[in-house]
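The structure appears below as structure tokens.
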């Protein structure tokens with residue numbers, strides 16, 4: 001393979017991951033905001049439910065489209081779940097800090113906290129989670 005081809009392939013993987021991640025993040029934010037604002041669900045419960053919905057969407061998208069089913073399904077699912085749990089912990093630490101500071105409304109704090117997930121997730125997924 002020529003270096004140019006490899007570089008283009010890598011850019012395409014990143015672009016697909018980015019697109020799936022953006023949709024997963026939007027799903028996370030939308031579900032959390034809906035649960036908080038329309039159903040008065042506690043912020044951390046709403047965040048957990050929203051995160052799980054986004055997790056299943058993101059894993060499916062990454063396994064099928066981003067990484068084109070090149071890795072072992074069960075191993076990828078377990079690894080992506082581990083990555084997701086770590087990212088979720090980071091998300092909640094950021095959210096806790098934002099809520100305790102009280103600088104923003106709760107719904108905006110969820111949006112800010114959710115925005116860090118794609119960065120953590122891509123790095124770990126590319127290097128470990130979906131490695132064949």
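Nothing in this text is a laboratory measurement; each read-out follows from the coordinates by a stated rule. Fair warning: this is a prediction, and the values are worked out from it, not measured in the lab.
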Using only Cα atoms and rounding to the nearest 10 degrees, what angle (0 to 90) does helix 3-39 make with the longest principal axis of the chain? 20
Based on the alpha carbons, how large is the Rg to Rh ratio for the range 73-132 when Rh follows Kirkwood? 1.11
So for the range 51-127, averaging the separation of alpha carbon pairs under 8 Å that are six or more residues apart and normalising by length, what relative contact order in percent results? 29
Relative to the chain, whose Cα atoms define the longest principal axis, helix 73-101 and its Cα axis are tilted in degrees, nearest 10, by 30
Give me the percent relative contact order of the chain, please, defined on Cα pairs under 8 angstrom at least 6 residues apart. 31
Okay, helix-only estimate at 222 nm for the chain: each DSSP H run of n ≥ 4 adds -39500 (n - 2.57), divide by all residues, round to 500 deg cm²/dmol; what do you get? -26500 deg cm²/dmol
Could you tell me the extents of the range 3-129's C-alpha atoms along the three principal axes, largest first, rounded to whole Å? 49, 27, 21
How far is the Cα center of the range 78-132 from the Cα center of the range 1-38, in Å? 14
